[in-house]
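The values are calculated or read from the model by the stated rules, or taken from the named source; none is laboratory data. None of these values were measured; they are calculated from a predicted model. In this analysis, Cβ positions are derived from the backbone assuming ideal geometry, glycine residues included, and neighbour counts consider all displayed protein chains. Just the protein is used for accessible areas: all its heavy atoms, side chains included, with ligands, DNA and RNA removed. Shrake-Rupley method; radii C 1.70, N 1.55, O 1.52, S 1.80 Å.
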Amino acid sequence: MSENSGTQTHLSQQALNRAVREAVEYVHAEGWDRAPSLFALVPTAALADVLADELIDSAPLTVVAQEPLPEGIEGGSPELADFIARTSWPAGVVGAVLAQEIMVIAPEQADSFEGASLDEVRAQADGEAARQARLFSGVISEGPHLTLIQPRPTEAELDERGPFAEDEIELKDGSGVADGVIAALYSTFGSVS
């Protein structure tokens, strides 16, 4: 057991869900076609001494955006996997969220895109065979995990839904889609759950 494990006992799935949703809103506000983003999750109570009272809310976890990842790291790339494998967190960080843009490919089309980069898939695919999406993977060390997918609206969907359609956030359950990403995030804490 780590020294943080007593703190983590109150960090439920609901606390992680709320933190991941906050990361979703942050990334969504930045727009599409972005590099992956990494967030640290810190117990809000641990920040009470360093943040002004008006900056503290009732959320059990505070989401802390990390520095941008090095240039050239794309979602789903070997470079991203290598970066995460070399990541570790200081004491006080009890969870992490990784946001990355991916292409969701129809199973019957998977062989057509074997080994292609994200840009190559975008160029080759039509909206039926592959669709751009964001993948959000979050973990609490020695605790729950969550994977969500945010499909990028197509031009036809945007036209149909009106001028504020891009502001809408549609999330789908991504359970089982990114088990390797979840394991990699757990490993940044020195243990796999």
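Overview of values
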{"quantity": "Calculated Rg and Dmax of region 63-109 using C-alpha coordinates, Å", "calculated": "13.5, 45"}
{"quantity": "Accessible surface of region 10-100, 1.4 Å probe, proportion on carbon and sulfur as whole %", "calculated": "52"}
{"quantity": "Förster-model FRET efficiency, 25 Å R0, ALA156 and ALA29, C-beta, rounded to 0.05", "calculated": "0.55"}
{"quantity": "For region 140-193, average projected area of the Cα convex hull in nm²", "calculated": "4.7"}
